[in-house]
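Peer 1: My questions will all concern the structure given below.
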Amino acid sequence: MAERPVIARVRPDSRVPQLDREFDYRVPPGMTVLPGQRVRIPMGRGSRVQTGFVTEIVSSSEFGGTLLDVEDVVSDVQVLTPELLSLATEVASRHAGGVSDVLRLAIPPRGVRVEKAWQQNPHSGGDLPSPPQPSSAFDPDGLAQMLQPGARTWWQLPYGVNSKHPTSHYEIVSVASTVLAQGRSVVISVPDWRDVAFLHELLQEAVGEEFVSRFDADQTPGERYSHYLRGLEADPVIVIGARHAIYAPVSNLGLVLVLHDADDLHREPLAPYPHTRDVALIRAEQSGAALVLASFVPSLAALRLIEMGFVNSLHPRNDERPRVVPTSLTGAESISPQQARLPSIAFRAVAQALQEGPVLIQVFRSGFAPGLACSQCRERARCRECQGPLRAHRKGDRERCAWCSTPADRWSCGLCGSTTWVPIGQAIGRTANELGKAFPGVSVIQADGEHRKLRVPSKPALVIATRGAEPVAEGGYQAALLLDGESMLQRQSLSALTETLDGWEHALSLLSHGAQAFLTDVEGPIANAMAASSVEGLLRRELGERQHVRLPPSVRLATIEGPTAQVSTLADSLAISFPTLEAIGPVAVKSGAHRYVFKIPYSEAPQLARELRAAVVHSAVTRGRGSVRLRVSFDGASALDELASSSQ
DNA sequence: AGCACGCCGACT
DNA sequence: GTCGGCGTGCTC
């Protein structure tokens, strides 16, 4: 009499597209296998042993052949929760990618020591902390509505600094503790280590260490795994972390919050390139939790959702946005040109603010390749051979074209004929040097990727920070100078405007009450909107234009890249089955490969993603003689920029 | 990806 | 006769 078979459905942990599905294995007698566990299984011709995740235990298999046995259970911890599996499945299908690729982003590698310690000493459920004092910055009904299950909200954060922390962080912590006090978990995903550090500090104060779980890039794999395991416990928890925190397992999810979703750091650089915002939308929908996109100005994607009526907005009761003074260079008297190029109004204002306390100088990201502009009309200097941007190279080397490396000899401006240029987007070290000379005797503090700084004291200093690396000044800065705006806006990127605005608003949020910001080299509608606090109008107009010319976020973008013949055949067949598809290409990329970028309406995108995924699997299984294989990405990190550069 | 199977050319 | 080239196909 045969016993009822026990069959484990297993997803191999493999990057190979054709293996990104479930395989059935027999569970041998005497072995216990549970869903979510990592197991070792024989795979392929030589029955090589591979690891995989058990997705299900069943009693019969559709498979015609004889089943192989599960070799071993790696650990009895059920690391892959059903919620995570369905999230990963949806994220993968939305991006025409593999589920295993998403799981690799979501589940940290196992640490044996950490796991043993956790199993011996599981977190014992303490009493939940009591709810925080209600916030006075928002209408209580609005806040309550925002936290309703299934609610989706763009949450406009308040500006300002409250002693040691940005006011916005207190509000976030207050909202998160409110949800926790109801016995539900919160997942917060932020762009930057700085936000992780601040919020973690505040959250620990608010709800205690045992209810906070932190994920960030600086952690060792062991630490990451240990925080991951904390989420698997039955007690609710507040998870705070960068991109990958959005996947953290928690019990009874009540709120998914994404901070500054316009920030580029929310775009995952690994396949299948999911954006935190998209993952958050899917997770909130699947779990029924509330979704909050929190920022000072909405991202274009958030704005689109607001205009569709899919997302509500919640604004602070009082608008405390600091005043912005545009002080264009043109016609303004600047101090010694060898030193800082500063309009005199800004110079005087900074000098005065320095009597009171620190002044923030926000500069272009250091390390960004600086460009050249005409010294007369400020038109961007372009190569006379290929129209590529001219770049200033390292000391001693000549200026060259960034695309074709042609030296920029005998250059003249295509617009006004001038033959002299000036650098734009200069590096931070140089700015620091110049400003130090312009304000002798004032201490200069640098903050950028290399010089990490969370806070500066409230005494007079010039704090020169790259965008995104601004330290918090206790009590806020007395003034801010927003430099290099023009070169930020001139970048060859479709996200130039939104990222620039976001960076500026962030600087504004760090000002002390009543302090002003000076916008030095930007003119026209953007400067006017900044001064008039009507940035949202600017973004609405931008979104309208994107709709008109069919650019994200009003359409989705898919990219295919591979051998010319294969890619063209695929593009042709897609053009027939998708009448709404707009194909841009083929564009030659490295070593014989070609690329197409497709624009597709949201409604058609899921089907296109399915077909592209099928094409990838097919291409991987029938390997042609070329070593170049078909690659596909959906809304990938670089698709926008590829489109921008190919359409110029 | 790996790995085995398979069906053609020059070797002790 | 057979050793081994890599093109082809599969993985519960």
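Peer 1: Based on DSSP loop calls and a cut-off of at most 12 other Cβ atoms within 10 Å, the longest stretch of chain A free of exposed GluC sites (Glu not before Pro) is what?
Peer 2: Values: sites that count: A:3, A:62, A:333, A:385, A:450.
It runs A:63-332.
Peer 1: Same structure again: Could you tell me the ratio Rg/Rh of the range A:98-212? Both radii from Cα atoms, Rh via Kirkwood. Walk me through the numbers before you get to the answer.
Peer 2: Working: Rg = 16.9 Å, Rh = 16.6 Å.
Over the Cα atoms of the range A:98-212, Rg/Rh equals 1.02.
Peer 1: Still on this structure, please answer the following. Select from the range A:31-118 those trypsin sites (Lys or Arg not before Pro) which occupy a DSSP coil region and have at most 10 other Cβ atoms within 10 Å, ordered by residue number. It would help to have the intermediate numbers written out before the result.
Peer 2: Numbers: sites: A:38, A:40, A:45, A:48, A:94, A:104, A:110, A:113, A:116; in loops: A:45, A:110.
Those that pass, being in a loop and sparsely packed, are A:45.
Peer 1: If every alpha-carbon in the range A:520-570 counts as one equal scatterer, what log10 I(q)/I(0) does Debye give at q = 0.13, 0.17, 0.19, 0.22 1/Å?
Peer 2: -0.54, -0.67, -0.74, -0.84
Peer 1: What is the mean projected area of the alpha carbon convex hull for the range A:131-195, to one decimal in square nanometres?
Peer 2: 5.0
Peer 1: Could I ask something else about it? Provide the net charge surrounding residue A:547, with neighbours chosen by a C-beta distance below 15 Å and charges set as Lys +1, Arg +1, Asp -1, Glu -1. Could you put the intermediate results ahead of the total?
Peer 2: On the way: positive: A:304, A:540, A:541, A:546, A:550, A:556, A:599; negative: A:307, A:542, A:545, A:582.
Once positives and negatives cancel, what remains is +3.
Peer 1: Using each residue's phi in the range A:108-116, evaluate 6.51 cos²θ - 1.76 cosθ + 1.60 at θ = phi - 60° and report the 3J(HN,Hα) Karplus result to the nearest Hz, with x for Gly and Pro.
Peer 2: Each residue of the range A:108-116 in turn: x, x, 6, x, 4, 4, 4, 5, 4 Hz.
Peer 1: With +1 on each Lys and Arg Cβ and -1 on each Asp and Glu Cβ, and nothing else charged, work out how big the dipole of the range A:584-624 is about its Cα centre, in Debye to the nearest 20. If you can, show how the numbers build up before the last one.
Peer 2: Numbers: 6 positive and 2 negative charges, 34 e Å.
Dipole about the Cα centre, nearest 20: 160 debye.
Peer 1: A further question on this structure: Rounded to the nearest 5, what % of DSSP beta bridges with both residues in chain A are antiparallel? Please report the intermediate quantities before stating the final value.
Peer 2: Details: 49 of 100 bridges.
Roughly 50 percent of the beta bridges in chain A run antiparallel, per DSSP.
Peer 1: Computed over the Cα atoms of the range A:230-316, what is the ratio Rg over Rh, Rh following Kirkwood? Numbers along the way, then the final one.
Peer 2: Numbers: Rg = 13.3 Å, Rh = 13.8 Å.
Expressed as Rg/Rh, it is 0.97.
Peer 1: Could you list which residues have their amide H under 5 Å from that of residue A:71, counting only those 5 or more apart in sequence or on another chain, with H placed in the peptide plane?
Peer 2: Result for residue A:71 returns A:40, A:41.
Peer 1: Provide the convex hull volume over Cα atoms per residue for chain A, in Å³.
Peer 2: Values: hull volume 120.6 nm³, N = 648.
Cα-based convex hull of chain A, divided per residue, equals 186 Å³.
Peer 1: Just name one of A:91, A:473, A:449: the one whose Cα is farthest towards the positive end of the charge dipole of chain A (beta-carbon charges, Lys/Arg +1, Asp/Glu -1).
Peer 2: Result: A:449, furthest along the dipole toward the positive end.
Peer 1: Normalized C-alpha radius of gyration of the range A:1-117, against 2.2 N^0.38 Å? Don't skip to the end; give the middle numbers.
Peer 2: Details: Rg = 14.4 Å, N = 117, 2.2 N^0.38 = 13.4 Å.
The range A:1-117 yields a ratio of 1.07.
Peer 1: If you average the sequence gap of Cα pairs under 8 Å that are 6 or more apart and divide by the length of chain A, what percent do you get for the contact order?
Peer 2: Numbers: 1338 pairs, mean separation 85.1, N = 648.
Value for chain A: 13 percent.
Peer 1: State to the nearest 20 debye the size of the charge dipole of chain A about its Cα centre, where the only charges are +1 on K and R beta carbons and -1 on D and E beta carbons. Write out the running numbers ahead of the final one.
Peer 2: Working: 65 positive and 69 negative charges, 390 e Å.
Using Cβ point charges on Lys, Arg, Asp and Glu, chain A gives about 1880 debye.
Peer 1: Once phi is turned into ³J(HN,Hα) by the Karplus curve 6.51 cos²θ - 1.76 cosθ + 1.60 with θ = phi - 60°, what whole-Hz value does each residue of the range A:606-613 show in order, with x for glycine and proline?
Peer 2: Each residue of the range A:606-613 in turn: x, 5, 4, 4, 4, 5, 5, 5 Hz.
Peer 1: For the range A:81-203, with the dipole built from +1 on Lys and Arg beta-carbon atoms and -1 on Asp and Glu ones, taken about the Cα centre, which of A:193, A:81, A:160 lies farthest toward the positive end?
Peer 2: Comparing the listed Cα positions along the dipole, A:81 ranks first.
Peer 1: Moving to a separate point now. Show me, for the range A:432-444, the HN-Hα J-couplings you get by feeding each phi into the Karplus relation (A = 6.51, B = -1.76, C = 1.60, θ = phi - 60°), rounded to Hz, glycine and proline as x.
Peer 2: 4, 4, 4, 5, x, 5, 6, 10, x, x, 9, 6, 10
Peer 1: Then there is this: Just to confirm a number: summing +1 for Lys and Arg and -1 for Asp and Glu over residues other than residue A:578 whose beta-carbon lies under 9 angstrom from that of residue A:578, what do you get?
Peer 2: Values: positive: none; negative: A:604, A:611.
Counting the neighbours of residue A:578, the net charge comes to -2.
Peer 1: Just to check, using Stokes-Einstein with a Kirkwood Rh over alpha carbon pairs, what's the diffusion coefficient of the range A:496-648 at 20 °C and 1.002 mPa s in µm²/s? It would help to have the intermediate numbers written out before the result.
Peer 2: Working: Rh = 18.1 Å.
So the translational diffusion coefficient is about 119 µm²/s.
Every number in this text was worked out from the coordinates using simple rules, so none of it is lab data. Just so we're clear, the structure is a prediction, and the values are computed from it rather than from any experiment. Ideal geometry is used to build each Cβ from the backbone, glycine not excepted, and the neighbour counts take in all protein chains shown.
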